Amino acid sequence: MKVDSLSSSIKPQAPSSITSKQPRNPEVNGSPVNASSSVEITQSLLKIRSESHNKAAFNSEKVTQIKAAIEQGRFEINSGAIADSLIATAHDLLNTQSNKQ
(Lines give C-alpha, C1' and ligand atoms only; values in the text may rest on other atoms or scores of the structure.)
Protein backbone atom coordinates (compact mmCIF):
# COMPACT_ATOMS: atom_id res chain seq x y z
CA MET A 1 0.00 0.00 0.00
CA LYS A 2 1.36 3.37 -0.95
CA VAL A 3 1.12 6.34 1.37
CA ASP A 4 -0.24 8.56 -1.42
CA SER A 5 -3.29 6.36 -1.93
CA LEU A 6 -3.93 6.24 1.79
CA SER A 7 -3.71 9.99 2.32
CA SER A 8 -6.31 10.69 -0.38
CA SER A 9 -8.86 8.49 1.40
CA ILE A 10 -8.48 10.28 4.74
CA LYS A 11 -10.87 13.16 5.20
CA PRO A 12 -10.25 15.77 7.89
CA GLN A 13 -12.89 16.07 10.58
CA ALA A 14 -14.14 19.26 12.11
CA PRO A 15 -12.81 19.80 15.63
CA SER A 16 -15.30 18.97 18.33
CA SER A 17 -16.39 21.90 20.39
CA ILE A 18 -16.49 21.13 24.07
CA THR A 19 -17.79 24.02 26.09
CA SER A 20 -17.81 22.98 29.71
CA LYS A 21 -17.84 25.91 32.08
CA GLN A 22 -17.78 23.78 35.21
CA PRO A 23 -14.36 23.29 36.81
CA ARG A 24 -13.05 19.76 36.83
CA ASN A 25 -12.87 18.14 40.22
CA PRO A 26 -10.20 15.44 40.06
CA GLU A 27 -10.86 12.15 41.82
CA VAL A 28 -8.66 9.25 42.79
CA ASN A 29 -10.46 5.94 43.38
CA GLY A 30 -13.74 7.81 43.73
CA SER A 31 -12.43 10.20 46.40
CA PRO A 32 -12.09 13.90 45.63
CA VAL A 33 -8.59 15.32 45.57
CA ASN A 34 -8.06 18.82 46.91
CA ALA A 35 -5.16 21.23 47.19
CA SER A 36 -4.25 19.95 50.64
CA SER A 37 -3.52 16.41 49.38
CA SER A 38 0.04 15.30 49.93
CA VAL A 39 2.45 12.67 48.68
CA GLU A 40 4.87 10.77 50.92
CA ILE A 41 8.07 9.36 49.45
CA THR A 42 9.38 6.34 51.30
CA GLN A 43 13.02 5.77 52.17
CA SER A 44 13.20 2.79 49.81
CA LEU A 45 12.04 4.95 46.92
CA LEU A 46 14.63 7.58 47.78
CA LYS A 47 17.31 4.87 47.84
CA ILE A 48 16.25 3.53 44.42
CA ARG A 49 16.19 7.05 43.03
CA SER A 50 19.70 7.84 44.29
CA GLU A 51 21.07 4.52 42.98
CA SER A 52 19.54 5.09 39.54
CA HIS A 53 21.15 8.53 39.28
CA ASN A 54 24.58 6.97 39.82
CA LYS A 55 24.17 4.44 36.98
CA ALA A 56 24.76 5.23 33.33
CA ALA A 57 21.80 4.93 30.99
CA PHE A 58 23.79 2.42 28.94
CA ASN A 59 26.95 0.35 29.16
CA SER A 60 29.52 2.39 27.22
CA GLU A 61 32.08 -0.45 27.27
CA LYS A 62 29.60 -2.81 25.61
CA VAL A 63 28.73 -0.14 23.02
CA THR A 64 32.44 0.23 22.22
CA GLN A 65 32.81 -3.55 21.84
CA ILE A 66 29.80 -3.79 19.51
CA LYS A 67 31.02 -0.82 17.45
CA ALA A 68 34.44 -2.46 17.03
CA ALA A 69 32.84 -5.79 16.06
CA ILE A 70 30.70 -4.06 13.41
CA GLU A 71 33.71 -2.19 12.01
CA GLN A 72 35.73 -5.43 11.86
CA GLY A 73 32.88 -7.36 10.25
CA ARG A 74 32.62 -9.92 13.04
CA PHE A 75 29.34 -8.77 14.60
CA GLU A 76 26.76 -11.55 14.38
CA ILE A 77 23.03 -11.01 14.70
CA ASN A 78 21.10 -13.69 16.55
CA SER A 79 17.78 -13.51 14.67
CA GLY A 80 16.26 -16.24 16.85
CA ALA A 81 16.88 -14.28 20.04
CA ILE A 82 15.48 -11.12 18.43
CA ALA A 83 12.36 -12.98 17.28
CA ASP A 84 11.86 -14.58 20.71
CA SER A 85 12.21 -11.21 22.43
CA LEU A 86 9.81 -9.55 19.98
CA ILE A 87 7.20 -12.27 20.51
CA ALA A 88 7.58 -12.03 24.29
CA THR A 89 7.16 -8.24 24.16
CA ALA A 90 4.06 -8.54 21.96
CA HIS A 91 2.65 -11.18 24.32
CA ASP A 92 3.22 -8.94 27.35
CA LEU A 93 1.64 -5.98 25.56
CA LEU A 94 -1.44 -8.00 24.62
CA ASN A 95 -1.79 -9.30 28.18
CA THR A 96 -1.48 -5.78 29.59
CA GLN A 97 -4.14 -4.45 27.23
CA SER A 98 -6.55 -7.34 27.92
CA ASN A 99 -6.18 -6.80 31.69
CA LYS A 100 -7.23 -3.15 31.30
CA GLN A 101 -10.53 -4.09 29.67
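The values are calculated or read from the model by the stated rules, or taken from the named source; none is laboratory data. Note that the structure is a prediction, hence the values are computed from the model and not measured. Ideal geometry is used to build each Cβ from the backbone, glycine not excepted, and the neighbour counts take in all protein chains shown.
Can you tell me which residues in the range 39-58 are at pLDDT below 75 and in a helix (DSSP H, G or I)? I'd like the intermediate steps shown before the answer.
Our first condition is that a residue be at pLDDT below 75; within the range 39-58, this holds for 39, 53-56.
Once the filter is applied, which keeps residues that are at pLDDT below 75 and in a helix (DSSP H, G or I), the range 39-58 yields His53, Asn54.
For the range 60-92, how many residues are exposed (fewer than 10 other Cβ atoms within 10 Å of the Cβ), modelled with pLDDT of 95 or more, in a helix (DSSP H, G or I) and not aliphatic (A, V, I, L, M)?
Of the residues in that region, 3 qualify.
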